[in-house]
Amino acid sequence: PNNRTTLIAGNWKMNNDREAAKALAAELVEALPEVPAGVEVLVCPPTIDLCCVAHKLEGSAIALGAQNCYWEASGAYTGETSVPMLKSAGCTYCIIGHSERRDYFHESDEDQNKKAKALVAGGIVPVFCCGEPLEVREAGTYVEHVVAQVKAGLEGLELASADQLVVAYEPIWAIGTGMTATADDAQEVCHAVREALVELFGAEMADGIRVLYGGSAKPGNIAELVAKPDVDGALVGGASLKAADFSEMVVKA
Ligand code: PEP
């Protein structure tokens, strides 16, 4: 219930092979011949399947995003994928700072800051993830934790318009666990994120930036989540791998 376009974004993570990725993309296109007014749909397949999924999504209402990027444009960075490469593959969004990348691949706030700047400069919208682990939630300092991540990850980023950035609040204890945060929990932190965005980018810009919730979002809870004033959609892991569930979430959002 606000003037921002709701974004339902699927993070396929490291799942599916090429044929399965193509099949899932085709099923989504069939299930969502058009997207409801006021809603935008995004899928983020593994890097290796971006091109074949792009091909399947051509002419559809579904946008393509990557799950990670590197900040240098080209050069001797074995195994990495640059922003211009993602752009030429058809990506308009790129997830950065997912907790799995921060935890398993030791990515820092500084890394996210470089990625965010490279993406915006290269014309791709970062979906900047933040969120607290269970210990921090239990200690009660989760708002400070998330606000610090947002400020460190996005400081110095220059935006020409609010649609150049998306933030996803993903409490780590809710990711892949079935333990969805309550809609009130999501609202509390998404609101704090927006206040941090006001400090970084000014009130007018912050009012237009989408702040998503992520963590066991599914068809049964999406409507309640996006009904909250500062929750502008969801970043969806598990439920994005089933075309029926994901398209149901789009319709209910
Ligand atoms: C995620 O990791 O981005 C996520 C939200 O996963 P899930 O929906 O499976 O909890």
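Annotations for the structure displayed:
- Between TYR104 and ASN3, the contour length at 0.36 nm per residue exceeds the alpha carbon distance by 32.7 nm.
- For the chain, the 222 nm mean residue ellipticity estimated from helices alone, with every DSSP H stretch of n ≥ 4 adding -39500 (n - 2.57) and the total spread over all residues, rounds to -12000 deg cm²/dmol.
- Count Lys and Arg as plus one, Asp and Glu as minus one, and take only other residues whose Cβ is under 13 Å from that of GLU188; the net charge is then -3.
- Pairs exceeding 27 Å between alpha-carbon atoms, taken from LYS151/LYS228; LYS114/LYS218; LYS56/LYS228: LYS114/LYS218; LYS56/LYS228.
- Placing a pseudo-label 7 Å from each Cα along the Cα-to-Cβ vector at LYS151 and GLU204 gives an inter-label distance of 2.5 nm.
- At an R0 of 41 angstrom, the distance between the Cβ atoms of THR92 and GLU138 translates into a FRET efficiency of 0.65.
- Overall size of the chain from C-alpha positions, given as principal axis extents largest first: 45, 44, 34 Å.
- Remark: the MET179-ALA223 segment gains 14.2 nm on full extension, using 0.36 nm per residue and subtracting the alpha carbon distance.
- Difference of contour (0.36 nm per residue) and Cα-Cα distance, ALA61 to GLU27: 10.9 nm
Coordinate-derived values only; no laboratory data. Being a predicted model, the structure only gives us computed values, none of them experimental. Backbone-built Cβ (ideal geometry, glycine too); neighbour counts: all protein chains shown.
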